[in-house]
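Just below is one structure, and these are the notes that go with it.
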Amino acid sequence: MIVILYRIKIIIPEPEMFLISAPDGGYVLHSMCGAKLDFVITHIDRENDFAIASRKIALEKMQKAANRRKLMDRVLDTDVVSVGRNVCVLNYCGYDVVLHQRDINYTMVSDVRELVHPGEVRKAKVKEFIPEEGVLKLSMKETMPHPFEGVETRHPIGSTRIATVVGKYGGGVFCNLPDGTVCMCNYSYQHEDSDFLVGDTVILVVQRYAEEKKQMYGKILSKW
């Protein structure tokens, strides 16, 4: 990783970037452009105008300070370090935390990069904090209102709505309504899975709710 600070090139070797194993190979490093990074300078080459640094040392020092705090259930301002198609990495006080889509937003998207960008500061709620084990788990979506609240009024059973196909699961699809509500749909009898692609705009009918899961279910009638 190369950081340009005050017109000086700072090189952070890959083994000095993380305290945890980066997920999915090297995509994290390739998706960090624009991120805020903390590091400690370990060597200066004045003749060639560059420096060597360690982000790992900086993270260790920051974690020691964070471990004295009571973080459980708090809402924190976190730095977005890296964003990939299905996950993002947040950093808080030396902890790099990998978030999958289920912890990023209630709304399903085909690419997390539509929602989150490196360099942003985003709020996240602490779900678990075990400092002696170096464990910090966060959720961005739990800082947001749940789109299922009030769904009976906004989308009554039997109503038809325009939605966008954002993903598929065994036997059906995830559809996003314009207000962020996710509807898990199957197909009407005249359609097959191959008739619909991610990104298609469709007309669906609301069929039922699952209160305990905070989920709405429907059926796709046709393309829009």
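Using θ = phi - 60° and the Karplus curve 6.51 cos²θ - 1.76 cosθ + 1.60, what whole-Hz ³J(HN,Hα) does each residue of the range 90-95 get, with Gly and Pro shown as x?
Using θ = phi - 60°, the values come out as 9, 10, 9, 6, x, 9 Hz.
Take every DSSP beta bridge whose two residues both sit in the chain, then give the antiparallel share in percent to the nearest 5.
85
How big is D for the range 143-224, in µm² s⁻¹ as a whole number, if Stokes-Einstein is applied with the Kirkwood radius of its Cα pairs at 37 °C and 0.692 mPa s?
259
Under 17 Å Cα-Cα from residue 219, which lysines qualify once same-chain neighbours fewer than 8 residues away are excluded?
Qualifying lysines at Cα under 17 Å: 168.
Whole Å is fine, so just give me how far the alpha carbon centre of the range 95-122 lies from that of the range 172-188.
20
Could you state the angle between the C-alpha long axis of helix 55-66 and the longest principal axis of the C-alpha atoms of the chain, as a value from 0 to 90 degrees rounded to the nearest 10?
On a 0 to 90 degree scale, this one is about 80.
Could you compute the FRET efficiency for residue 146 and residue 46, with r as their C-beta to C-beta distance and R0 at 41 Å, rounded to 0.05?
E(calc), rounded to 0.05, equals 0.15.
When Lys and Arg each count +1 and Asp and Glu each count -1, what net charge do the other residues less than 11 Å away from residue 216, Cβ to Cβ, add up to? All intermediate terms of the calculation are to be shown ahead of the outcome.
Values: positive: 154, 161, 208, 213, 214; negative: 152, 211.
Spelling it out: positives minus negatives among the neighbours equals +3.
Using DSSP to define loop residues, name the chymotrypsin sites (Phe, Trp or Tyr not before Pro) in the range 5-88 whose beta-carbon has at most 12 other beta-carbon atoms within 10 Å.
For chymotrypsin sites (Phe, Trp or Tyr not before Pro) across the range 5-88 that sit outside H, G, I, E and B with at most 12 neighbouring Cβ atoms in 10 Å, the list reads 6.
Which percent of the accessible area of the chain is formed by carbon and sulfur heavy atoms (probe 1.4 angstrom)? Display every interim value, and only then the final one.
On the way: 6380 of 12380 Å².
About 52 percent, which is the carbon plus sulfur part of the accessible surface.
Near residue 123, which lysines are there with a Cα under 21 Å away, not counting those fewer than 8 places off in the same chain?
36, 70, 137, 141
Suppose all protein chains stay in the model; what accessible area per residue would a 1.4 Å probe give for the chain, in Å²?
55
The values are calculated or read from the model by the stated rules, or taken from the named source; none is laboratory data. What you see is a predicted model; the values in this text were computed from it and never measured. No Cβ is skipped: glycine too gets one built from the backbone with ideal geometry, and neighbour counts run over all protein chains shown. Just the protein is used for accessible areas: all its heavy atoms, side chains included, with ligands, DNA and RNA removed. Shrake-Rupley method; radii C 1.70, N 1.55, O 1.52, S 1.80 Å.
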